[in-house]
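Engineer: Input: one structure, supplied below.
The values are calculated or read from the model by the stated rules, or taken from the named source; none is laboratory data. Not measured: the values here are computed from a predicted model. A quick note on method: Cβ atoms are made from the backbone with ideal geometry, for glycine too, and the neighbour counts reach across all protein chains shown.
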Amino acid sequence: MAGFKRETHVVDGVPTVLYTAGAGEPVVFFHGAGTLDGFDFSIPWTERFRVIAPFHPGFGESGDDPSFTEPHDYVMHYLELFDALGLETFSLVGLSFGGDLAVRFAIEHGHRLRRLVLIAPSTMLDPEHPPLDILVVGGEELVPKLVSNFDVLKPRLPENPDLDFVGARYREAATFARLFWERPHDGRVARYVHRIRTPTMIVWGDRDQLVPVEQARAWKALLPDATLRLSKGAGHLVHLEDSTAVDAIGSFLR
C-alpha cells in the first residue's frame, strides 16, 4: 500500500495489522465486512492527519480470535489497541460494519472522540428499510452491488482469483457470520445512539444497494446536530465512487 507503513501489534494474543500514514491529529478508519476497497482512498487525509487503518480480527492481514462472537468484543479489542498506541483522543471514521463498530465505540467511549464519520453504517435504525442480508447472498451476486459504477471496483479484483484470494474472502465472510448469524441486528444499539454527543457526519450514496439510503434519515433524526451528506449516483462504497465525499470528510475532520 503505497505511502503507508505496516505495523503489527499483538492485542491480548491477537496479531493486529494496521497501516498508518501522514502526521498530525490521528484519524482511525474502521473498514467494512470486506477489505477489497483497501485504504488508499484515504491518502488525501494524510496531508493533514495521521491516518490509522487497522484490519479487524478475522479480516485482512490480522489474526483471529474465535471467542469474538459479538461486535462488543471488537469494541473492547480496539479499546486495548488504542491504549497501546497511546491514542487518548482521535477522530473515527467507520464504513458499513465498521460504522456499526464506530457507533458502538462512540456510545461507550465518546469522550475519546474528536469527530465521528459514519459511512452507510450497517446498524439498522429503520426496520421499514432493512439492509440486504449479505449472509444469504452469494459473492458473485454481492460484489456488483457494492458500487453503482463497477469500473471503480474492477481494478481491485483479480481477473483469475487464486486460492489465496478466495480463501481470504471466505475467511472474512465466516468471521462476519460468526458475529451476526444468530442476531443479524441488535435493537439495543438504536436505544443508546442518543448518547453520542460527538460532532458527527453521516455519508451515504443515494444508490446504495446494501444499506438503503432511507436509513440516513433515521440517523439524522436521532443525531439532530449531525451533518448529512448524500452522494448522488454512488453506491455503498461511496468513498471509492465519489472523491468529493472523501474531500468533504477531510474538511469535516478539520
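Engineer: Taking the stretch 219-243 as the search range and keeping residues that are under 25 Å from residue 104 (Cα atoms) and touching a Ser or Thr at 6+ places or on another chain (Cβ under 6 Å), which one is modelled with the lowest pLDDT?
Structural biologist: Only one residue fits best here, namely 223.
Engineer: Another question, then. For the condition of a type in the set (Lys, Arg), more than 23 Å from residue 167 (Cβ to Cβ) and touching an Asp or Glu at 6+ places or on another chain (Cβ under 9 Å), what is the one hit in 6, 50?
Structural biologist: Values: 6 fails: more than 23 Å from residue 167 (Cβ to Cβ).
Within the list 6, 50, the selection yields 50.
Engineer: Could you say whether any residue in the stretch 24-33 is of a type in the set (Val, Ile, Thr), over 30 Å from residue 150 (Cα atoms) and at pLDDT 95 or above?
Structural biologist: Within the stretch 24-33 (the criterion being of a type in the set (Val, Ile, Thr), over 30 Å from residue 150 (Cα atoms) and at pLDDT 95 or above), the answer is no, since none of the residues qualifies.
Engineer: Within the stretch 4-21, is there a residue that is touching a helix residue (DSSP H, G or I) at 6+ places or on another chain (Cβ under 7 Å), buried (at least 22 other Cβ atoms within 10 Å of the Cβ) and within 27 Å of residue 223 (Cα to Cα)?
Structural biologist: no
Engineer: Same structure again: With respect to residue 202, determine if the residue is of a type in the set (A, V, I, L, M, F, W, C), closer than 22 Å to residue 109 by Cβ, part of a strand (DSSP E or B) and within 16 Å of the chain's Cα centre (by Cα).
Structural biologist: When the stated conditions are applied, residue 202 passes them.
Engineer: For a quick check of your reading: which helices (runs of 4 or more DSSP H) sit entirely within the stretch 132-192 and have at least 1 residues that are over 19 Å from residue 208 (Cα atoms) and touching a strand residue (DSSP E or B) at 6+ places or on another chain (Cβ under 8 Å)? Please lay out each step first, then the result.
Structural biologist: Details: elements: 139-142, 163-180, 187-192.
Result: empty, no element qualifies.
Engineer: Return the residues of the stretch 201-254 that are of a type in the set (S, T, N, Q), buried (at least 19 other Cβ atoms within 10 Å of the Cβ) and in contact with a helix residue (DSSP H, G or I) (Cβ under 6 Å, 6 or more places away or on another chain); say none if nothing qualifies. Outline the logic, then answer.
Structural biologist: In the first step, residues of the stretch 201-254 are kept if they are of a type in the set (S, T, N, Q); the result is 209, 215, 227, 231, 243-244, 251.
Now drop any that are not buried (at least 19 other Cβ atoms within 10 Å of the Cβ), which leaves 215, 231.
Result: 231, single match.
Engineer: Residues that are among the aromatic types (Phe, Trp, Tyr), part of a loop (DSSP other than H, G, I, E, B), surrounded by 14 or more Cβ atoms within 10 Å (Cβ to Cβ) and modelled with pLDDT of 95 or more: does the stretch 60-75 have at least one?
Structural biologist: yes
Engineer: Output the number of residues of the stretch 1-23 satisfying the condition of being among the aliphatic types (A, V, I, L, M), within 29 Å of residue 149 (Cα to Cα) and not in a loop (DSSP other than H, G, I, E, B). So that I can check it myself, show each step before the final result.
Structural biologist: Here is the first cut: in the stretch 1-23, the residues among the aliphatic types (A, V, I, L, M) are 1-2, 10-11, 14, 17-18, 21, 23.
Subsequent filtering for residues that are within 29 Å of residue 149 (Cα to Cα) retains 1-2, 18, 21.
Filter once more, so that each one left must be not in a loop (DSSP other than H, G, I, E, B): 18, 21.
Within the stretch 1-23, residues that are among the aliphatic types (A, V, I, L, M), within 29 Å of residue 149 (Cα to Cα) and not in a loop (DSSP other than H, G, I, E, B) number 2.
Engineer: Which ones in the stretch 138-147 are over 17 Å from residue 41 (Cα atoms) and either exposed (fewer than 13 other Cβ atoms within 10 Å of the Cβ) or in contact with a helix residue (DSSP H, G or I) (Cβ under 9 Å, 6 or more places away or on another chain) (or both)?
Structural biologist: 138, 139, 140, 141, 143, 144
Engineer: Could you please tell me which pairs satisfy a Cβ distance under 9 Å, a separation of 6+ or placement on different chains, a first residue in the stretch 59-77 that is closer than 20 Å to residue 94 by Cβ, and a second residue that is surrounded by fewer than 16 Cβ atoms within 10 Å (Cβ to Cβ) and of a type in the set (Val, Ile, Thr)?
Structural biologist: Sorted first by the residue in the stretch 59-77, then by its partner, the pairs are 61/8; 62/8.
Engineer: Are there any pairs with C-beta distances below 9 angstrom linking a residue in the stretch 208-221 that is at positive phi to a residue that is surrounded by 17 or more Cβ atoms within 10 Å (Cβ to Cβ), with the two at least 6 apart or on different chains, and if so which?
Structural biologist: Cβ pairs passing all conditions: none.
Engineer: Can you tell me how many residues within the stretch 219-240 are touching a Lys or Arg at 6+ places or on another chain (Cβ under 9 Å) and either assigned to a loop (DSSP other than H, G, I, E, B) or acidic (Asp, Glu) (or both)?
Structural biologist: Counting residues in the stretch 219-240 that are touching a Lys or Arg at 6+ places or on another chain (Cβ under 9 Å) and either assigned to a loop (DSSP other than H, G, I, E, B) or acidic (Asp, Glu) (or both) gives 7.
Engineer: Six or more apart or on different chains, Cβ atoms under 8 Å: show the pairs whose first residue is in the stretch 157-184 and touching a residue at least 60 places away in the same chain (Cβ under 8 Å) and surrounded by 11 or more Cβ atoms within 10 Å (Cβ to Cβ) and whose second is in a helix (DSSP H, G or I) and among the β-branched types (Val, Ile, Thr).
Structural biologist: Hits for this filter: 157/143.
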